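Chemist: Sharing a structure with you now.
The values are calculated or read from the model by the stated rules, or taken from the named source; none is laboratory data. Bear in mind that the values here come from a model prediction, so they are computed numbers and not experimental data. The accessibility values were calculated without ligands, DNA or RNA, using every heavy atom of the protein model including side chains. Shrake-Rupley method; radii C 1.70, N 1.55, O 1.52, S 1.80 Å.
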Amino acid sequence: MKFYRLDLLTLLISLFILNSCKNQDIIGLGVINSNQVNGSLIDTATIVVNTVPEDSVQTNALGHSALSYFKDPVFGTTESNLAMDLNLPGLGSYALPVGTITVDSALLVIKYARNSFYGDSLTSRYKANVYQLKERVLSQLYYNTKTWSVDKSTLLGSKSFVARTSDSVKIINPVANGPDTLVKLSPQLRIPISTAFINKIIYNAPADQLKSNLVFKNNVKGLYVTLDQNQTGPGGTVMFALDSAASIQIYYKHSDGTVIDTGVLALPSVTHAIEIKHTRSAAVQTELANTTTGRKTFYIQGLGGLRTKISFPYIKNIIKTIGGDVVINRAELVVTPMPGSTVPFAPLPKLSLYRLDLAKQRQYVQDASPADARSFGQTILGGFYDKQQQQYHFVITAYIQDLMTGKSQDYGTYLGASVLTQQPTIAPTAELDGRTLAVGFDTASPYRIKLNLFYTKVVK
């Protein structure tokens, strides 16, 4: 009976407590009008956008080197050519074998970079032409402002191909003192090179030219690879991985009087750069000529092409308009490509967003900066193209809060092309091609660039 009475008492107390709750859907403390906190959205902040040229970009020692001739109907024509050095085997002196050497063939072999094509792969046919440089490719910095001196009087080699950058190739590999074998190689472009050129620089060359790799490079200079501009179709851009495997492979027969054998000699290419040329369309030239007023469209282009400057001229007035203290819960920049502009050429898979400091140097916005305590990690910034929504989104809450309060000054905020990595990038790059035509601040368009501000007004 003792335990029974305790259980009954507990049940009665519980009933009184539950009965006192007037609304069981409300959890937490009550809110009165004097301390109520409301969340609101503003998506009409004025954004001024202007298309401007990209900064100069480094074009040597790249992981992805572009070979391009792309006639974009909207942006204009882009051309990118390869400048490659040529070295003796082993990068040192080379002694010719004793006996008779007969060159059967020679191939310039350059590997495709993975997932490395942009443009038209269906109707366009490409032809790569190889010439000799008139100047060496040195181990120094080169930029897209560099124009290479080329001897175009003699075509050293050419190859017609289609853009199948994921297809492996099979070749017959000669084996010294053994049967030749069939091998499967990674995707690559193999351009036949004139045997007369090979004999000139190796087998019929002056003896001093083969005793020193430096003398060899000073005499031979290097190779220049370009796409034939008489191609069919709009063309495109192919990226190559010009690593240590890039070389001229010489297939030869060697006879020492009693035995005839076959072999392969490789002349490696170690140092390389690209040459980039942009010929703007009339529409792009119009945008570049107007940087004083906001525009209804803007252009972003890879290969050191175009970027867009954005600004929020009235951002500080939002506090005055709302009144009281304002806390930005989330600020999201939304960029939408122009309807119809994503076919047949896809928009850039990722955009970069960065700011300039007082010295006009590129810096991360606060939301992506490891030095800012408000950053949630660099991957939160965003910038990836969402194929379902057909938009780019950037979370720039801390940056906008600082601009509104005057903690930071806007010395320049930019959108540009970015390599496809999880981490945000701010440096200009020549390692990708692609383009995005987007809607600027056009109040009549539902696709206009927007800054969505989710804020809390604190009433004291």
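Chemist: Which shape class applies to the range 324-370: rounded if a/c is under 1.5, otherwise prolate when a/b exceeds b/c and oblate if not, where a ≥ b ≥ c are the square roots of the Cα gyration tensor eigenvalues?
Modeler: Numbers: a/c = 3.02, a/b = 1.53, b/c = 1.97.
Oblate, since a/c reaches 1.5 and b/c is not below a/b.
Chemist: Take each complete run of DSSP H in the chain, measure how far its Cα atoms stretch along the helix's own axis, and keep only those covering 20 Å or more with mean Kyte-Doolittle hydropathy at least 1.0; list them. Can you show the working numbers first?
Modeler: Working: long enough: 2-19 (26 Å, 1.28).
Flagged H segments are 2-19.
Chemist: Could you let me know the centre-to-centre spacing of the range 384-398 and the range 340-356, using Cα atoms, in angstrom?
Modeler: Cα centroid of the range 384-398 versus Cα centroid of the range 340-356: 11 Å apart.
Chemist: For Asp243, what residues show an amide H to amide H distance below 5 Å, using hydrogens built from the backbone and excluding near sequence neighbours?
Modeler: Distant-sequence amide H within range of Asp243: Lys111.
Chemist: For the chain, which whole-number percentage of the solvent-accessible area (1.4 Å probe, protein heavy atoms only) is attributable to carbon and sulfur atoms? Provide the component values of the computation, followed by the final result.
Modeler: Numbers: 12580 of 23290 Å².
Accessible surface attributable to carbon and sulfur in the chain totals 54 percent.
Chemist: Any idea how far the Cα center of the range 251-269 sits from the one of the range 63-100, in Å?
Modeler: After rounding, the separation between the Cα centres reads 24 Å.
Chemist: From the backbone phi of the range 409-425, what are the Karplus-calculated ³J(HN,Hα) couplings (6.51 cos²θ - 1.76 cosθ + 1.60, θ = phi - 60°) in whole Hz, Gly and Pro given as x?
Modeler: Computed from phi, the couplings for the range 409-425 are 9, 8, 8, x, 10, 9, 10, x, 6, 9, 5, 7, 10, 5, 7, x, 10 Hz.
Chemist: Amide H neighbours of Leu306 under 5 Å, at least 5 residues apart or on other chains, H built in the peptide plane: list them.
Modeler: Residues meeting the criterion, in which the H sits 1.01 Å from N, are Glu54, Gln301.
Chemist: Just want to confirm a number: the relative contact order over the range 82-203, from Cα pairs under 8 angstrom separated by 6+ residues, in percent. If you can, show how the numbers build up before the last one.
Modeler: Numbers: 154 pairs, mean separation 41.5, N = 122.
Relative contact order comes out at 34 percent.
Chemist: Return a whole-number percent for the relative contact order of the chain, with Cα pairs under 8 Å and 6 or more residues apart as the contact set.
Modeler: Working: 1085 pairs, mean separation 117.8, N = 460.
Taking the mean separation of contacting Cα pairs over the length of the chain, I get 26 percent.
Chemist: Leaving out ligands and nucleic acids, note down the accessible area per residue over the chain with a 1.4 angstrom probe, in whole Å².
Modeler: On the way: 23290 Å² over 460 residues.
For the chain, the per-residue accessible area is 51 Å².
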